[in-house]
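Chemist: Sharing a structure with you now.
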Amino acid sequence: MTTAGRAAIRRNRDADWDAWPVARYLADNYRQMHPCDRGVIQHHSLFYRRFPPAGLARTLELGAGPNLYPLMLAAGASRHIDALEPGAANLAYLRRQLTHGPEESWTPFYALCKALDPALPATLGEALNRVHAVRGDASGLPDGRYDAASMNFVAESVTEDYGEFTALCGAFVRAVRPGGRLVAAFMERMPSYRIGDGPVWPACPVDETALRAVFTPRTVALTVSRLAKDPTLPEYGDTGILLLTAERPAP
Ligand SMILES: C[S@@+](CC[C@H](N)C(=O)[O-])C[C@H]1O[C@@H](n2cnc3c(N)ncnc32)[C@H](O)[C@@H]1O
C-alpha cells in the first residue's frame, strides 16, 4: 500500500501468468458461444477474408491463452500461425489441443468460422495443423517478422499501467512487417478483474479514445468499432468490446 492507502499499480510482471485458471476461464467464456464471440468472429473473419487463401506466410496470435477461435480464423489466410503465450497452464492446454485434437466444445466455433470463410480447411484439426504454440511474451517479439498479427483481450487485460499497455500495443504493431496488417479485440473500460473466486488480474480500462491515441501515431488505415456489453458473460465491469484493424506504415 502507498502512504495514501491506495494499492500500488500492478504491472504485468506482478501477476503469475503461469497460474492462469484455464478450466474456469474456458467455462466462463468459451465452452458455449456467446453473442460477443459471434461478433468478434464476424469482425475478424472479414479481416482475414481480404487475403488470398493461404496468402500469408507467417502470422502471430499474441497472448493466445486457451482461446482457439482466433487461431481457427487465421488458418484461412495463414500458412504458419505462431500462438505466443507466456503462461505455463495456457501453453499446456494449447499444446494438448494441437497434439491430441481439440475438445468437442470448439466444434460450433469452427462451424461458424468455416461458414463465414469457405477458404478454411475442411476440418478444425487441419486448421490447427498450421498453429505452433510458442512460449514467450510481447517483450521478446522480433521486429517485422509477421505478415499479420492478431491480439485478443491482452494489452488491456494484463497490466494496470497505461505506459505498459502502450508499450505492449507498440510491440504488437512492430511485430508485423511494414505494410503488415493488424486485428485486435479489447475489453472496453474493464478494471482489474477476477476469474471465479481466484486472484485479481491487472487490467487498465480503455475506451475508443485511448485506443486511437495509442494506434493513430503507430499505424495507418485504423478502424475501431464496438460490440455492446454481453450480459451472458460473467460481470467483468466492462462496457463492451472494442474491435480494431490497422496497418503498419511503410518506413
Ligand atoms: C485475458 S487473457 C486472453 C487470452 C486469449 N487471448 C483470449 O482471447 O481469451 C490474457 C492473456 O495474455 C497473456 N499475457 C500476459 N502477459 C503477457 C505479455 N506480456 N505478453 C503477451 N501475452 C501476455 C496471458 O497469459 C493470457 O493468456
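Only the coordinates and a few stated rules stand behind these numbers; no lab work does. All values reported here derive from a predicted model rather than from experimental measurement. Because the Cβ atoms are built from the backbone with ideal geometry, glycine has one as well, and the counts that use them run over all protein chains shown.
Chemist: Every residue in region 234-251 that is surrounded by 16 or more Cβ atoms within 10 Å (Cβ to Cβ), part of a loop (DSSP other than H, G, I, E, B) and out of contact with any Pro (no Cβ under 7 Å at 6 or more places or on another chain), please.
Modeler: 236, 238
Chemist: Moving to a separate point now. (1) buried (at least 22 other Cβ atoms within 10 Å of the Cβ); (2) over 24 Å from residue 46 (Cβ atoms): which one isn't true of residue 140, the others all being true?
Modeler: All conditions are met except number (1).
Chemist: How many of the residues in region 6-31 are small (Gly, Ala, Ser), surrounded by 15 or more Cβ atoms within 10 Å (Cβ to Cβ) and more than 9 Å from the ligand (Cβ to nearest atom)?
Modeler: Of the residues in region 6-31, 1 are small (Gly, Ala, Ser), surrounded by 15 or more Cβ atoms within 10 Å (Cβ to Cβ) and more than 9 Å from the ligand (Cβ to nearest atom).
Chemist: How many residues does region 73-91 contain that are in a helix (DSSP H, G or I) and within 12 Å of the ligand (Cβ to nearest atom)?
Modeler: The qualifying residues number 5.
Chemist: Right, another one. Could you check region 172-209 and list, in sequence order, the residues that are touching a residue at least 12 places away in the same chain (Cβ under 8 Å), outside any strand (DSSP E or B) and out of contact with any Asp or Glu (no Cβ under 9 Å at 6 or more places or on another chain)?
Modeler: If the condition is that a residue be touching a residue at least 12 places away in the same chain (Cβ under 8 Å), outside any strand (DSSP E or B) and out of contact with any Asp or Glu (no Cβ under 9 Å at 6 or more places or on another chain), then 172, 173, 198 are the ones that fit.
Chemist: Need pairs with beta-carbon distance below 8 Å; first residue in contact (Cβ under 8 Å) with a residue 60 or more places away in the chain and part of a loop (DSSP other than H, G, I, E, B) and within region 220-233, second loosely packed, with under 15 Cβ neighbours inside 10 Å and not hydrophobic (A, V, I, L, M, F, W, C); sequence gap 6+ or separate chains.
Modeler: Cβ pairs passing all conditions: 230/35; 232/35.
Chemist: Taking residue 46 as meeting all but one of (1) among the aliphatic types (A, V, I, L, M); (2) away from the ligand (no atom under 12 Å from the Cβ); (3) buried (at least 18 other Cβ atoms within 10 Å of the Cβ), write down the number of the exception.
Modeler: (3)
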